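Visitor: There's a structure below that I have some questions on.
Here, each number is a calculation from the coordinates, and none is a lab measurement. Computed from a prediction, not measured in an experiment: that's the story for all the values here. Every residue, glycine among them, receives a Cβ derived from its backbone with ideal geometry; neighbour counts consider all protein chains shown.
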Amino acid sequence: MTFALSNIIEVTHLKKYFPISNGIFSSFKPGKKKYKKAVDDVTLKLSRGKALVIVGESGSGKTTLARLILRSLDADSGTIAFNGFDITHKSGKDLKYFRSKVQMIHQDPYTSLDPRMSVLNIVMEPLDIFCNYYSKKERAEITLKTMESVFLDPVVETSMKLPHMLSGGQRQRVALARALIVMPELIIADEAVSMLDVSIRSEILQLMKNLSIQRRITYLYITHDLATSNYIGDDLAVMYSGKIVERGKVNSVLSKPLHPYTQALIQAVSEPEPSNLLSQKLISIKSTDKNPPDKGCNFYNKCRYSMDICRTNPPNKAIDPDHFVSCYLHN
């Protein structure tokens, strides 16, 4: 019954604040505590079998949001529903079952793999945790088939190697195989190709895309690279300072960016055309050291179009049926 649902994940009003410390004696000082609003009232839906890309600069809250969805962090408030079931506070067997259905590919293939384990044991580890009803021989056979599906050839020889004996692209294929082996419904990829050479990125992204079609896997793809988001994504959410400021179909957001922050991100992309390198771009963002305001639009201090009304939280407005923006310029 759950597979009939169009949305695999529904995040509603999710919040995660981290206290800011001003030194060893800050806890003894009177006054109001300050907090870093890593995820601030985020509401999102992930369509089954699609790829949702979350894009934003470093520190915008993308990874924290992923860790909240994965339940490696507990939210301060809000709810997370998986296949229609609230898993925000699940524990024990329920949490273990959820984590068997949701896997993660980390950013750095050089540190996310145990250097003391063989490739065979690294890829097989999720089976040992979630599927120990298989015999050791069956787990090894499943592992080799999964490695074959991500083109880790020659499979048997590669399975005996240690991570330091592999290239960066091979390591990320190992990480992908490890995520795929328990047949997850959702894979969270956190900057999965940012550490790889440009020539290898397209291979990994194409492999992820093909596997998504073959196995109907849903991706939550986190990046700061708009080029890769256009390649792999179906939907795009732009995150700034803990908030989703714009979301919609990838082509719609990239071709017609509505929020000033989205426009600044697109304007900052380097030009591949040599004749355009000499022309200067005016990026629509103020240079300031001021932190986001406590109330209102988080982009207020850096926005060239900020108005007095922006000191209150902008509503989430539908410009098109599948294109939403939180900005008073479009109210």
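Visitor: Please report the relative contact order for the chain, taking Cα pairs under 8 Å with a sequence separation of at least 6, and give it as a percent rounded to a whole number.
Guide: Details: 582 pairs, mean separation 62.7, N = 331.
For the chain, the relative contact order is 19 percent.
Visitor: Within the set of other residues whose C-beta is less than 15 Å from the C-beta of L120, count the net charge using Lys and Arg as +1 and Asp and Glu as -1.
Guide: On the way: positive: R116, K136, K137, R139, K145, K161, R171, R173, R178; negative: D114, E125, D128, E138, E141, E148, D153, E157.
Surrounding charge for L120 is +1.
Visitor: How far apart, in nm, are the 7 Å Cα→Cβ label points at E138 and K15?
Guide: Going from the E138 label point to the K15 one covers 4.7 nm.
Visitor: In addition: If you wrap the stretch 132-219's Cα atoms in a convex hull and average its projection over all directions, what's the area in nm²? Walk me through the numbers before you get to the answer.
Guide: Values: hull surface 24.6 nm².
Hull-based average projected area comes out at 6.1 nm².
Visitor: Any aspartates and glutamates with Cα under 15 Å of the K302 Cα? List them, leaving off those in the same chain fewer than 8 positions away.
Guide: Partners found: E57, D289, D294.
Visitor: To continue, here is another question. Below 18 Å, Cα to Cα, which lysines can K137 reach? Residues fewer than 8 away in the same chain don't count.
Guide: Hits, sequence-local ones excluded: K145.
Visitor: Follow-up. Report which label in (1) 19.7; (2) 20.8; (3) 30.0 holds the value of mean projected area of the Cα convex hull in nm² derived from the coordinates of this structure.
Guide: Step by step, mean projected area of the Cα convex hull in nm² for this structure corresponds to label (2).
Visitor: Within 10 Å, count the other beta carbons around each residue, average over each peptide in 194-203, 210-219, and list them highest first. List each step's numbers first, then the result.
Guide: Details: 194-203: 14.2, 210-219: 16.0.
The densest-packed peptide leads the list: 210-219, 194-203.
Visitor: Calculate the FRET efficiency for M117 and K286 from the Cβ-Cβ distance with a Förster distance of 45 Å, rounded to the nearest 0.05.
Guide: On the way: r = 49 Å, r/R0 = 1.08.
E between M117 and K286, to the nearest 0.05, is 0.40.
Visitor: Using a 7 Å offset from the Cα along the Cα-to-Cβ direction at both L207 and D76, what is the distance between the two label points in nm, to one decimal?
Guide: 3.9 nm
Visitor: State which helices in the chain qualify, where a helix is a whole DSSP H run, it must extend 24 Å or more along its own axis by its Cα atoms, and its mean Kyte-Doolittle hydropathy must be at least -1.0. The partial results should precede the final answer.
Guide: Details: long enough: 198-215 (26 Å, 0.09).
Span-like helices here: 198-215.
Visitor: Under 16 Å from a label point 7 Å along Cα→Cβ of D86: give me every residue in the stretch 183-218 with its amide N that close.
Guide: From the stretch 183-218, the list is empty.
Visitor: To the nearest 20 debye, what is the magnitude of the charge dipole of the stretch 119-186 about its Cα centre, counting +1 on the Cβ of each Lys and Arg and -1 on the Cβ of each Asp and Glu? Show your work: numbers first, answer last.
Guide: Values: 8 positive and 8 negative charges, 28 e Å.
With Lys and Arg at +1 and Asp and Glu at -1, about 140 debye.
Visitor: Which order do the peptides 258-265, 297-304, 124-131 come out in when sorted by mean C-beta neighbours inside 10 angstrom, highest first? Walk me through the numbers before you get to the answer.
Guide: Numbers: 258-265: 22.5, 297-304: 20.2, 124-131: 17.8.
My ranking of the peptides, most packed first, is 258-265, 297-304, 124-131.
Visitor: Determine the sum of side-chain charges near R99: Lys and Arg each +1, Asp and Glu each -1, restricted to other residues whose C-beta is under 15 angstrom from that of R99. It would help to have the intermediate numbers written out before the result.
Guide: Numbers: positive: R67, R71, K90, K93, K96, K101, R178; negative: D74, D94, E125, D128, E185.
For residues surrounding R99, the net value is +2.
Visitor: Report, ordered by chain and residue number, the lysines lying within cross-link reach of K33, taken as a straight Cα distance under 23 Å and ignoring same-chain residues fewer than 8 apart.
Guide: The qualifying lysines are K15, K16, K243, K290, K295.
Visitor: Continuing with the same structure: Measuring from label point to label point, each 7 Å out along Cα→Cβ, what is the H330 to K161 span in nm?
Guide: Output for this residue pair reads 4.6 nm.
Visitor: Okay, moving on. Taking amide H positions as placed 1.01 Å from N in the peptide plane, with prolines and chain starts having none, which residues 5 or more places from V39, or on another chain, fall under 5 Å of its amide H?
Guide: K16
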